[in-house]
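See structure below.
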Amino acid sequence: MFSAIRPQQLPTGGTVGVAAVALAALGLLTAFLLADAQHPIFQAPDDAWTAWVADARSPSLDAVNQVLNVAGYRGVLLLQATLTLLLFVRHRPADALFSLASGGLVLLLLQVLKAAVGRVRPPNTVVLTDTGSFPSGHTATTTAFLLLLALLIARWWMWLLALVLSLAMALSRIYLQAHWATDTLGGILLAVTVVPALWLAFQKNARRGRVEGRRETT
């Protein structure tokens, strides 16, 4: 498993640029919601998305999305905590600290935004929900974890998988009427803002750890 880890080297300028764009988009969504959390300027498209997804409901899709509901958030956090511990055990401290720091920071900012915005969730949700609707916790934590894996594994198929599964989780949260579409977009933007930018502080030591690990096994 750990032989597959070959940390990605991200260009500083491009990474900062992507994170800045994501942060600006997240800030814009947040600003509109702070101005009017219950009737933001994009509420009409959100309503349309919710209605369209509700019309597509079926027993088979219900079952798939119930699985995603369980797998997301707490399931993903458990996976990330397990990975962090295993990375420490396998003497990859930089990778482990990055996993811990990225997951922790996304969780912290997620709760701050939820409390600050206080957006009400869609009506008729079919799963148990707790705190505010924006941004989506399931989408943010899933995207953050998948970005973590993509950065550690550094293969094109992992980046593709991260994209597909992040979008699947976003669509699932809309399908279950646990979130508005812009909530899931906010979750993705939060992860894209935090994880790659934070990686810049860890990638040098992470790649050095891989080289040292290879030397120890030769």
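Computed values, structure above
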item	result
Residue within region 133-156 that is over 16 Å from V192 (Cα atoms), within 18 Å of the chain's Cα centre (by Cα), crowded, with 21+ Cβ neighbours inside 10 Å and modelled with pLDDT under 95 present	yes
Complete set of residues in region 127-149 that are in contact (Cβ under 8 Å) with a residue 12 or more places away in the chain, among the hydrophobic types (A, V, I, L, M, F, W, C) and not in a helix (DSSP H, G or I)	V127, F134
Within region 79-94, tally of residues that are buried (at least 19 other Cβ atoms within 10 Å of the Cβ) and more than 18 Å from the chain's Cα centre (by Cα)	3
Some residue of region 22-36 being modelled with pLDDT of 90 or more and closer than 24 Å to I153 by Cα	yes
V120, sole failed condition from (1) touching a residue at least 40 places away in the same chain (Cβ under 8 Å); (2) farther than 19 Å from L28 by Cα; (3) of a type in the set (V, I, T)	(2)
Residue in region 117-132 that is surrounded by the fewest Cβ atoms within 10 Å (Cβ to Cβ), counting only those that are of a type in the set (A, V, I, L, M) and within 19 Å of D46 (Cβ to Cβ)	V120
Close pairs (7 angstrom Cβ cut-off, 6 or more residues apart or separate chains): closer than 12 Å to Q8 by Cβ in region 154-171, surrounded by 14 or more Cβ atoms within 10 Å (Cβ to Cβ) and among the charged types (D, E, K, R) anywhere	A154/R6
Residue within region 161-182 that is surrounded by fewer than 23 Cβ atoms within 10 Å (Cβ to Cβ), over 30 Å from D55 (Cβ atoms) and modelled with pLDDT of 95 or more present	no
Test for T30: is it touching a Gly at 6+ places or on another chain (Cβ under 9 Å), polar (S, T, N, Q) and over 20 Å from A162 (Cα atoms)	yes
Checklist (1) under 24 Å from T193 (Cα atoms); (2) β-branched (V, I, T); (3) part of a loop (DSSP other than H, G, I, E, B) applied to V112, failing item	(3)
Meets criteria (of a type outside the set (F, W, Y), out of contact with any Pro (no Cβ under 8 Å at 6 or more places or on another chain) and on the phi > 0 side of the Ramachandran plot) for H39	no
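Listed here are the residues, each with its yes/no results for (1) loosely packed, with under 13 Cβ neighbours inside 10 Å; (2) of a type in the set (S, T, N, Q); (3) more than 20 Å from the chain's Cα centre (by Cα).
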{"position": "G17", "(1), (2), (3)": "yes, no, no"}
{"position": "F32", "(1), (2), (3)": "no, no, yes"}
{"position": "Q38", "(1), (2), (3)": "yes, yes, yes"}
{"position": "A54", "(1), (2), (3)": "no, no, yes"}
{"position": "V64", "(1), (2), (3)": "no, no, no"}
{"position": "L77", "(1), (2), (3)": "no, no, no"}
{"position": "S102", "(1), (2), (3)": "no, yes, no"}
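Results for (1) of a type outside the set (K, R); (2) closer than 17 Å to L77 by Cα; (3) in contact with an Asp or Glu (Cβ under 9 Å, 6 or more places away or on another chain), shown as yes or no for each residue.
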residue	(1), (2), (3)
G104	yes, yes, no
L110	yes, yes, no
K114	no, no, no
N124	yes, no, no
P135	yes, yes, yes
D183	yes, no, yes
L198	yes, no, no
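Here is a yes/no grid of residues against (1) acidic (D, E); (2) touching a Leu at 6+ places or on another chain (Cβ under 6 Å):
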| position | (1), (2) |
| --- | --- |
| D62 | yes, no |
| T82 | no, no |
| R92 | no, no |
| D95 | yes, yes |
| G103 | no, no |
| P123 | no, no |
| L148 | no, no |
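The values are calculated or read from the model by the stated rules, or taken from the named source; none is laboratory data. The model shown is predicted, which means the values in this text are computed figures rather than measured ones. When we count neighbours, we look across all protein chains shown, and the Cβ atoms used for this are built from the backbone with ideal geometry, even at glycine.
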